1. Looking for whichever is among the aliphatic types (A, V, I, L, M), within 22 Å of K3 (Cβ to Cβ) and either open to solvent by 100 Å² or more (accessible area, probe 1.4 Å) or modelled with pLDDT under 85 (or both) here; the options are A66, A59. Which one fits?
2. Do you know which residues across the range 28-54 are over 11 Å from R15 (Cα atoms) and either of a type in the set (K, R) or in a strand (DSSP E or B) (or both)?
Amino acid sequence: MDKLKPCPFCGSEARILEDCDRDEMFDAYCINRKCIMSAGCSKSFFNPQDAREAWNTRASKSAIRAQVIE
C-alpha cells in the first residue's frame with residue numbers, strides 16, 4: 001500500500017476516509033481544517049487504492065506552465 005503524499009496546497013498530512021453517508025465510498029483529504037483540501041478530493045472512489053492514486057497524482061511543472069502561458 002503506497003503512502004499518501006502530503007497535501008499539495010499546505011503540506012499537511014493526508015488521510016483516506018470511508019464515507020459513512022455513501023456506502024463503501026472513499027475520499028482522500030487533508031487533516032488541516034484551515035486548508036481548502038480538508039473537505040477532500042472532488043471525487044469519491046469505490047476503493048481506497050483509487051482514492052490514494054488520485055490524491056497522489058500531481059500536475060507536472062511543464063503542464064502548469066503551459067496552462068499559465070495560454
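1. On the way: A66 fails: within 22 Å of K3 (Cβ to Cβ).
After ruling out the rest, the residue left standing is A59.
2. Result: R33, K34, K43, F45.
The values are calculated or read from the model by the stated rules, or taken from the named source; none is laboratory data. Everything quoted here is computed from the prediction, not taken from an experiment. Cβ: placed from backbone, ideal geometry, glycine included. Neighbour counts: every protein chain shown. Protein only, heavy atoms only, side chains kept; ligands, DNA and RNA dropped before computing areas. Shrake-Rupley method; radii C 1.70, N 1.55, O 1.52, S 1.80 Å.
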